[in-house]
Amino acid sequence: MITRLQHIKHRIKKTAEACGRDPEAIRLVVVSKTISADRVKEAIEAGVTDLGENYVQEARNKFNALAAYPASWHFIGHLQSNKAKYAVRLFDLIHSVDTMKLARELHKYSEKINKIQDILIQVNISEENSKSGVYVEDTRDLVKQISLLKHVSIKGLMTMPPFFDAPEKARSYFSALRNLRDRIVDENIPNVCLDELSMGMTGDYEVAIEEGATLVRIGTAIFGKRS
């Protein structure tokens, strides 16, 4: 696992430098869903600083087991509104906010614990029915509405392109997210900072970096195939 982790970090650095970007501007979110707390502990000891989880209950067990270890926890799966109260206690950044209903719940429970919850807006760039996320044409309005909530802070956008066997086919989806981000930034919406672009996974993270990703979500290439 440590060798694979070092290889991924090396590829991220090389890809960033090749397209004129600062490698330090790209964070590796190691996807630890279904991975035991012991193996996650190993990853943290090997230098992993950001962990991505898809399920609140599973993450809570690991979070408690690894509370003594320094790591930033990211929620990257589909978050149901009724799990918001648990999510705000566990996660530093929630990547998958796509409705006003969910944003309000996160705001409500963050206010109760005096926290400002950092979030990303998940955009369904490909408009696939099987995927969560707000459609491109509705993203700006959702950002504007959420920006009024004092205990939620929008830090950027997230997307998942369709699955392709050739990474290059995902490029247009990544560039579309970046262009959408740039258009929203131009509007100078108060209380909104869109520095983060969460895009790119094991199969296509290098293309995502070339198109501006600041957070890449990689699990299989580090932990191996999940059982």
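Taking a quarter of the surface of the Cα convex hull of region 108-166 gives a mean projected area of 5.1 nm². For region 98-227, the spread of Cα positions along the three principal axes, ordered from largest to smallest, is 42, 35, 26 Å.
In terms of overall dimensions, region 1-73 has a Cα radius of gyration and Dmax of 13.5, 40 angstrom. Couplings 3J(HN,Hα) for region 6-11, derived from phi with the Karplus relation 6.51 cos²θ - 1.76 cosθ + 1.60 (θ = phi - 60°), are 4, 4, 4, 4, 5, 5 Hz, where x marks Gly and Pro.
With the convex hull of the Cα atoms taken as the outline of region 72-143, the averaged projected area works out to 4.8 nm². In order along region 65-73, the phi-based Karplus estimate (6.51 cos²θ - 1.76 cosθ + 1.60, θ = phi - 60°) of 3J(HN,Hα) comes to 5, 10, 4, 7, 9, x, 7, 9, 9 Hz; Gly and Pro are listed as x.
Is there a pair in K83/K115; K33/K169; K62/K112; K33/K131 whose C-alpha atoms are over 22 Å apart, and which pairs would that be? The pairs that break the limit, which is 22 Å between Cα atoms, are K33/K169; K62/K112. Overall, the ratio between the Cα radius of gyration of the chain and 2.2 N^0.38 Å, rounded to two decimals, is 0.97. Work out the length of the dipole vector of region 99-227 about its Cα centre, built from +1 on the beta-carbon of each Lys and Arg and -1 on the beta-carbon of each Asp and Glu, and round it to the nearest 20 debye. Result for region 99-227 is approximately 640 debye, rounded to the nearest 20. Among the chymotrypsin sites (Phe, Trp or Tyr not before Pro) found in region 154-227, those both in a DSSP coil and sparsely packed, with 15 or fewer other Cβ atoms within 10 Å of their Cβ, are F163, F164. Simple rule: put +1 on each Lys or Arg Cβ and -1 on each Asp or Glu Cβ in the chain, find the dipole, and look at Q57, F163, P70; the Cα lying farthest toward the positive end is Q57.
Both numbers refer to the Cα atoms of region 4-122; Rg and Dmax are 15.5, 46 Å. Here the relative contact order of the chain, from alpha carbon pairs under 8 Å that lie six or more residues apart, stands at 20 percent. A full extension of the chain between S36 and D138 corresponds to an added length of 32.9 nm, given 0.36 nm per residue minus the alpha carbon distance. Mind checking which aspartates and glutamates have their Cα closer than 17 Å to the Cα of K155? Skip sequence neighbours fewer than 8 apart in that chain. Candidates past the 8-residue exclusion: D50, D92, D98, D118, D141, D182, D186, E187, D195, E196.
When the helices of the chain are scored as -39500 (n - 2.57) per DSSP H run of n ≥ 4 and the total is divided over every residue, the value at 222 nm lands at -12000 deg cm²/dmol.
Sparsely packed loop sites in region 156-227 (the GluC sites (Glu not before Pro) outside DSSP H, G, I, E and B with at most 15 other Cβ atoms within 10 Å) comprise E187. Taking amide H atoms as placed 1.01 Å from N in the peptide plane, the amide H of V134 lies under 5 Å from those of Q122, V123, N124, each 5 or more residues away in sequence or on another chain. Residues considered: I121, I189, I146. Largest GNM mean-square fluctuation over the chain, using C-alpha springs under 10 Å, is found at I189.
Since every read-out is calculated from the coordinates, none of them should be taken as a lab result. Because the structure is predicted, anything quoted here is derived from the model rather than measured. So basically every Cβ, Gly included, is an ideal-geometry build from the backbone, and we count neighbours across all protein chains shown.
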